[in-house]
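Novice: Supplied in structure tokens, the structure appears directly below.
The values are calculated or read from the model by the stated rules, or taken from the named source; none is laboratory data. Note that the coordinates shown come from a computational prediction; the quantities given were computed from them, not determined experimentally. Glycine also receives a Cβ, built like all others from the backbone with ideal geometry; neighbour counts cover every protein chain displayed. Protein only, heavy atoms only, side chains kept; ligands, DNA and RNA dropped before computing areas. Shrake-Rupley method; radii C 1.70, N 1.55, O 1.52, S 1.80 Å.
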Amino acid sequence: MGAVEETKLELQDDDVSNSPLSVRKMHTFEHIGSLAAMAQTYAPRRTNSRVLMSIYIVIVQAKINVLLPFGPLAVMLHYLTGKHGWVFLFSLIGITPLAERLGYATEQLACYTGPTVGGLLNATFGNATEMIISIYALKNGMIRVVQQSLLGSILSNMLLVLGCAFFAGGIVHCNKDQVFNKASAVVNSGLLLMAVMGLLFPAVLHFTHSEVQYGKSEVTLSRFSSCIMLVAYASYLFFQLKSHRSLYNPIVEEEDNEDDTDQEEAPEITQWEAICWLSVLTIWISILSGYLVDAIQGASDSLNMPVAFISVILLPIVGNAAEHASAIMFAMKDKLDITLGVAIGSSTQISMFVIPFCVVIGWMMGKQMDLNFQLFETATLFITVLVVAFMLQEGTANYFKGLMLILCYLIVAASFFVHIDPAANDD
């Protein structure tokens, strides 16, 4: 009887294993296993294709990247020929597409962070070029180059970038006046006037010879004012991002604009890809900035251009390539609030953060970096802030306002072309 029961059990097991349900389950498990194996096989391929697609979008797709080879050529010329004029020009051209791609990667990251944080990121990484150039120049003791390049960046953003954006937006939307959030513009104008105050008093102290200790009091005042300006900028960030976020909400005139924003804001690369590209581009810009700063004096001699013109006009135009392109693009899309966040926000960040930060860094390095930007430069900044503040007080923009800002910048550029820096024989 035991043998017969064992045989029945074996037959029942065979019937169960050969039933249609069990066969279907086996096929299902085999199919799932094959899919898992295929997923493991194709995962590296998918990752590689995503990397290649990201490289194509950031490096190959943009037409301005035909200028990228000028960067390595500048490094080669530095070691092979030592001709500072060519090294400077090639470095200048090579940094231009990098600055523009830095702005593109920032815009892609802004799609994941929202408009307010996105505008702040755009201004921050847009100023990364100027900050890197300034730190290299400060390390080499070229304090006037630091001062003039940062001043030129403020002037370029407020006059050239904003003027071109207003002009392009006014031409595209010629049948109306474009509007923007006047309250946020007034806040930024107040911060810019505070920055002018911080730069004005050390210069007046120096040139009126009314210091307690000549040559030392202005440095002490500059360091104290820089700490105050950094506190003011940190308070401004809290005001913008936390306590009064509604003040910075964009103005929407028509319902069609909301539909356009829904269609246009799709990012082309992922968030982590944007962060990686920001890191790579910042490193390469920092490398080229070192060669650019080393070649400034030699380029001034070989090209017969004043160092002031190179520092105030040429360097900021390259450093502001990202802001320039994005501000014009947003103005043509009738998004002037983002344009102001890029152009005026960038000027505010340089005047209230980057310049005081360089003073503090110079203090740590033992360099006599101060806020005495000389009378000519300080007066130029003061008049520029007043002109832009009057342009923004109505909360509207058109092509004529943009044209006026561009023409003002041409006057400033011509003034610095005939300007001689008096720092060498001032004392």
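Novice: Leaving ligands, DNA and RNA out of it, report the carbon-plus-sulfur percent of the accessible area of the stretch 121-238 at a 1.4 Å probe.
Specialist: 72
Novice: Apply the a/c threshold of 1.5 to the C-alpha gyration tensor of the stretch 294-383 and tell me whether it is rounded, prolate or oblate. Don't skip to the answer; put the middle values down first.
Specialist: Numbers: a/c = 2.12, a/b = 1.41, b/c = 1.51.
Since a/c reaches 1.5 but b/c is at least a/b, the shape of the stretch 294-383 is classed as oblate.
Novice: For the stretch 278-427, what class follows from the C-alpha gyration tensor (a ≥ b ≥ c being the square roots of its eigenvalues): rounded when a/c is under 1.5, otherwise prolate if a/b is larger than b/c, else oblate?
Specialist: Prolate shape, in that a/c is at least 1.5 and a/b is the bigger ratio.
Novice: Grab the other residues whose beta carbon is less than 11 angstrom from that of H84, score K and R as +1, D and E as -1, and report the net.
Specialist: Local net charge: -1.
Novice: For K401, list the lysines whose Cα falls under 27 Å from its own Cα; do not include residues on the same chain fewer than 8 positions away.
Specialist: K176, K182, K333, K335
Novice: Still on this model: Taking the alpha-carbon distance from K139 and a cut-off under 23 Å, which lysines remain once sequence neighbours fewer than 8 residues away in the same chain are dropped?
Specialist: By straight Cα distance, K139 reaches K83, K216, K367.
Novice: Of all the accessible heavy-atom surface of the stretch 280-427, with the other protein chains kept in place and a 1.4 Å probe, what percent is carbon and sulfur?
Specialist: For the stretch 280-427, the apolar C and S fraction of the accessible surface comes to 72 percent.
Novice: Would you tell me the accessible area of F417, worked out with a 1.4 angstrom probe on the heavy atoms of the protein chains, in Å² to the nearest 10?
Specialist: In the full protein context, F417 sits at about 100 Å².
Novice: Under the rule a/c < 1.5 gives rounded, and otherwise a/b versus b/c splits prolate from oblate, where does the stretch 337-402 land using the Cα gyration tensor?
Specialist: Judged from the Cα gyration tensor, the stretch 337-402 comes out oblate (a/c at least 1.5, b/c at or above a/b).
Novice: Need the C-alpha centroid separation for the stretch 50-96 versus the stretch 313-385, integer Å.
Specialist: The two parts, judged by their Cα centres, are 24 Å apart.
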